């Protein structure tokens, strides 16, 4: 793994902020500090040791600067990446792009079987996130237990390490970590549901991911994150 660089986090830009000098050769990753989708790309950047090469530009999602939609990313969401005079979006696409276009430790193993399994798990991540969010909104068909059981089974496939693809921390762990970081305390608080009960592999995975410095640097105050989530999901 690349040497860990301690980031000095830049201030969040809002509707009163001036835009950066766009397309001046600087590679910029537009994120929100509390957005789990953006956090995926932030972790990938950190893990590959690209803190000096990819500049973070945090956006206030509650008070977005007009220039972000007009001049940067017309979808007006985060994350997006400004690189080689182009803007790209979609978190998992960006994680793969960062992995393949920049130096640093690879986020995918060479093993073809593991690569194939990685694609399965990346495809499943939308189902996982959607099911848990639906359960918070009162959808009785949203089987939270089933999606966490799926992850427990997935973590049993390779026995050479604690991560989804075994020994190597990968794009798959990056895809799930920001959401499990949020869902674990929220499910416990709102539904009194402990996602690690009866799921020892998942419990170990959470423990091991929390040792990854590149991920730890992206974690925010849990109370702040939960407050934002509760407001979004429960309206308070």
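The values are calculated or read from the model by the stated rules, or taken from the named source; none is laboratory data. Just so it is clear, the model here is predicted, and its values are computed rather than measured. When we count neighbours, we look across all protein chains shown, and the Cβ atoms used for this are built from the backbone with ideal geometry, even at glycine.
Exactly one condition in (1) out of contact with any helix residue (DSSP H, G or I) (no Cβ under 7 Å at 6 or more places or on another chain); (2) buried (at least 18 other Cβ atoms within 10 Å of the Cβ); (3) on the phi < 0 side of the Ramachandran plot is false for residue 80; which is it?
(1) is the only condition that residue 80 fails.
Any chance segment 158-169 includes a residue that's part of a helix (DSSP H, G or I) and either in contact (Cβ under 8 Å) with a residue 40 or more places away in the chain or under 19 Å from residue 128 (Cβ atoms) (or both)?
Checking segment 158-169: not a single residue is part of a helix (DSSP H, G or I) and either in contact (Cβ under 8 Å) with a residue 40 or more places away in the chain or under 19 Å from residue 128 (Cβ atoms) (or both).
Among the candidates 129, 147, which residue alone is touching a residue at least 24 places away in the same chain (Cβ under 8 Å), assigned by TED's automatic domain parsing to the domain that holds residue 222 and in contact with a helix residue (DSSP H, G or I) (Cβ under 6 Å, 6 or more places away or on another chain)?
129
When segment 102-131 is examined, which residues are found to be crowded, with 17+ Cβ neighbours inside 10 Å and over 28 Å from residue 84 (Cβ atoms)?
Matches in segment 102-131: 114, 117, 121, 124, 128, 129, 131.
Which of the residues that make up segment 200-221 are touching a helix residue (DSSP H, G or I) at 6+ places or on another chain (Cβ under 6 Å) and over 19 Å from residue 156 (Cα atoms)?
Of segment 200-221, the ones touching a helix residue (DSSP H, G or I) at 6+ places or on another chain (Cβ under 6 Å) are 201-202, 209, 214-215, 217-218.
The answer is 214, 215, 217, 218.
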